[in-house]
Amino acid sequence: GEALCLFGGIAAMTEKEEVKGGVKTGIFKDFNRELVTKEVLLGVTIACAQIPESVAFAFIANVKPPVALHAAWMVGLICSVFGGRPGMVNGATGAFAAIISTFLPEPLEEGGNGAGVELLFPSVMFAGFLMLVFSALDLSRFILLLPSPVMIGFCNGLGLIIGNSQLHPFEHKEGPVLAWMIVITVVSMAVMEFLPKLPFRIFKVIPSSLVAIVVAIIIEFAIVRRFIDGTETIGDVSEFSAETAKPVPFFDYDLDKLSESGAIETIARQGLLLALVGSIESLMTSEVVESFVKTPSSGTKTLAAMGVGNIVSGFFGGMGGNAMIGLSTINVLNGGKTRVAPTVTALIVMIAVVGAYELLNFIPVAALAGIMFVVVLHTIKWFSLKMLLAFFLPKSYRKKNHKIPRMEVIVIFAVTFLAVWRDIAQAVLAGVALCAVIMAWNSSKTVSVEQTFDGDEKVYIVEGPLFFASANRFRKMFTPDADPDSVKVQFQASCLMDYTAIETLHNLSKDYKALGKTIVFASLNESSKKIVEKASHLVTTIEYDADEIMELPSVPNVAAGFKNDPEGPMPH
């Protein structure tokens, strides 16, 4: 009742805006009653989907469900109100759960916390601190460096990790109990997957995951328990109670664990991985939401709010969290554009865990597994399997069917494998590094040099980028011994990319000058000119001619040799 009053009050406030000159002013100037009502209902709907997902993520992470649910509403509320991407839903996620599960073993007591959970909460707080650092350094811009093959591998690896973790509830089960668990799982999957596809508007509004939970509870208590004692429910595994309604601060746990050998290293490693994975997934989700709503995002604010949310969550004994790409997509596809729906979602989750926790105890664990299996089916990029098949097919067939460069297929499945074998963060970093090497190698092959004569002067016309990977090949295209006394190098469609390019031109100049010949470099573009200017304190061997085609400001005289010819190692 209090929640409904709160949401009704928000809607009512939008009708009481002060109007000046026919224009609404104030905090809610872009809102109206219809918009807020729609967003409030959408937030309630998404919360009904987020609650069972959060419980399932808790089991994946080997922590008690309240640890995930309290994290869900804390992170969700802070990020919704203060984050840089309106319309994005945040909370406990599969990515966080996957990382945490590599540090926490399965609990000795089913439904409990894994050994070493005391280190989780400082790790989450440290992750939040790192996110604030990422925000302060404006590192969100580097999300643009994530190639599509890495993102595909990320999704595949995350899906496999989540899917594998759902097999745990079925272990050591046999006979009728196992059979009924499979029935509940399959029915839950069918309801969640196919219900939205029915041609009835009501099923477009009510989340299919909520219906799946209700159907599973009916099967469990109206059918299954007539024949057997029943399958496990959340109440059997990890009961919600008045004690779990309030978050347990991290300092109420055994802090002596923090002084044990290796504890600080574990906190640092876990925190770093959580920060990297959470930042990457949140910025990816922000890009997805932005593509739907067509309004700009602030990656800096997104990371800052997420950092604060994780610090608060860790302090109060939560597993932390980040943006939820699935629920965020559902939100924007149904018209959610503002902060209202995600904020309402967080508040509903809080109300559920604080006041309506007894209802959660009736949910069958098998139903959660079914819901997560559907999440897995939509997380894994199945089209990448066709790419893998094409990888092994003859070239004549690959030209017409699902062909992408074979090295990119290798990246996809290398990231997928590393995500499962090691962890998601290392997989993503390795994938980016591999893509960078591939890009450098391919770009180095694009350098070409044509030769012509302008009277007695030989002219080399260069195309393609000159940098560390192409420098050696570029230098071997010149023949100082056979060339005339005057040589000109024109960078028509080329540019200098790094210090290796400068050093290559320097060494080439020395080769010609040692033979008493002159070589001039012309038509450098703006970025190349800047690189030369930055190295002007080292370079005087390179003779640069600002060609008429390129109207550039005068360049420092670099005609006589290196001012300080570098001997020994290259400067870093």
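The values are calculated or read from the model by the stated rules, or taken from the named source; none is laboratory data. Bear in mind the structure is a predicted one, so any value in this text is a computation, not a measurement. Cβ atoms come from the backbone with ideal geometry, glycine included; neighbour counts cover every protein chain shown. These accessible areas exclude ligands, DNA and RNA; they are computed on the full protein's heavy atoms, side chains included. Shrake-Rupley method; radii C 1.70, N 1.55, O 1.52, S 1.80 Å.
Scanning the stretch 115-124 finds one or more residues that are farther than 30 Å from residue 40 by Cα and either assigned to a loop (DSSP other than H, G, I, E, B) or modelled with pLDDT under 90 (or both). With respect to the conditions (1) within 18 Å of the chain's Cα centre (by Cα); (2) modelled with pLDDT under 90; (3) within 19 Å of residue 246 (Cα to Cα), residue 330 falls short on a single one, namely (3). Looking at the stretch 56-80, which of its residues are modelled with pLDDT of 95 or more, more than 16 Å from residue 244 (Cβ to Cβ) and of a type in the set (Val, Ile, Thr)? Residues satisfying the conditions are 75, 78. Summed over the stretch 269-291, residues that are without any contact (Cβ under 8 Å) to a residue 60 or more places away in the chain and either open to solvent by less than 10 Å² (accessible area, probe 1.4 Å) or acidic (Asp, Glu) (or both) total 0. When the strands (runs of 3 or more DSSP E) confined to the stretch 486-572 are screened for residues that are surrounded by 15 or more Cβ atoms within 10 Å (Cβ to Cβ), modelled with pLDDT of 70 or more and touching an Asp or Glu at 6+ places or on another chain (Cβ under 6 Å), those reaching at least 2 such residues are found at 486-496, 518-522. For the stretch 49-69, a residue qualifies if it is farther than 18 Å from residue 165 by Cα and either in a loop (DSSP other than H, G, I, E, B) or over 24 Å from the mean Cα position of the chain (by Cα) (or both), and exactly one does: 66.
For (1) open to solvent by less than 10 Å² (accessible area, probe 1.4 Å); (2) of a type outside the set (Asp, Glu); (3) in contact with a helix residue (DSSP H, G or I) (Cβ under 6 Å, 6 or more places away or on another chain), each residue gets a yes or a no:
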position: 65; (1), (2), (3): yes, yes, yes
position: 86; (1), (2), (3): no, yes, no
position: 101; (1), (2), (3): no, yes, yes
position: 116; (1), (2), (3): no, yes, no
position: 125; (1), (2), (3): no, yes, yes
position: 134; (1), (2), (3): no, yes, yes
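Return yes when residue 309 is at pLDDT below 90, more than 30 Å from residue 169 (Cα to Cα) and of a type outside the set (Ser, Thr, Tyr) and no when it is not. Against the criterion (at pLDDT below 90, more than 30 Å from residue 169 (Cα to Cα) and of a type outside the set (Ser, Thr, Tyr)), residue 309 does not qualify.
Selection of the stretch 292-323 for residues being closer than 17 Å to residue 282 by Cα, assigned to a loop (DSSP other than H, G, I, E, B) and open to solvent by less than 10 Å² (accessible area, probe 1.4 Å) yields 319, 320, 321.
When the stretch 193-247 is filtered for residues that are open to solvent by 30 Å² or more (accessible area, probe 1.4 Å), assigned to a helix (DSSP H, G or I) and acidic (Asp, Glu), the ones remaining, listed by number, are 193, 236. For the stretch 248-268, filtering for residues that are surrounded by fewer than 21 Cβ atoms within 10 Å (Cβ to Cβ) and touching a residue at least 40 places away in the same chain (Cβ under 8 Å) leaves 11.
Residue pairs whose Cβ atoms lie under 6 Å apart, sitting 6 or more positions apart in sequence or on different chains, and linking a residue in the stretch 226-247 that is touching a residue at least 24 places away in the same chain (Cβ under 8 Å) to a partner that is basic (Lys, Arg), are 238/64. Is it the case that residue 356 is open to solvent by 10 Å² or more (accessible area, probe 1.4 Å) and modelled with pLDDT under 90? Answer is yes for this residue. Which of the residues belonging to the stretch 29-58 are touching a Pro at 6+ places or on another chain (Cβ under 9 Å) and open to solvent by 20 Å² or more (accessible area, probe 1.4 Å)? Correct list: 45, 48. Among residues of the stretch 230-259 being at pLDDT 90 or above and β-branched (Val, Ile, Thr), the one that is farthest from residue 357 (Cα to Cα) is 231. Within the stretch 163-192, residues that are crowded, with 19+ Cβ neighbours inside 10 Å sit with their Cβ atoms under 8 Å from residues that are among the polar types (S, T, N, Q), at 6+ positions apart or across chains, in these pairs: 165/101; 180/231; 181/231; 184/231; 191/208; 192/208; 192/209. Any idea how many residues of the stretch 440-468 are touching a residue at least 24 places away in the same chain (Cβ under 8 Å), assigned to a strand (DSSP E or B), of a type outside the set (A, V, I, L, M, F, W, C) and within 15 Å of residue 495 (Cβ to Cβ)? Of the residues in that region, 3 qualify. Residues in the stretch 469-478 that are under 19 Å from residue 509 (Cβ atoms), part of a loop (DSSP other than H, G, I, E, B) and open to solvent by less than 60 Å² (accessible area, probe 1.4 Å): 470, 477, 478. Against the conditions (1) at pLDDT 90 or above; (2) touching a Ser or Thr at 6+ places or on another chain (Cβ under 6 Å); (3) part of a loop (DSSP other than H, G, I, E, B), residue 103 satisfies every one except (2).
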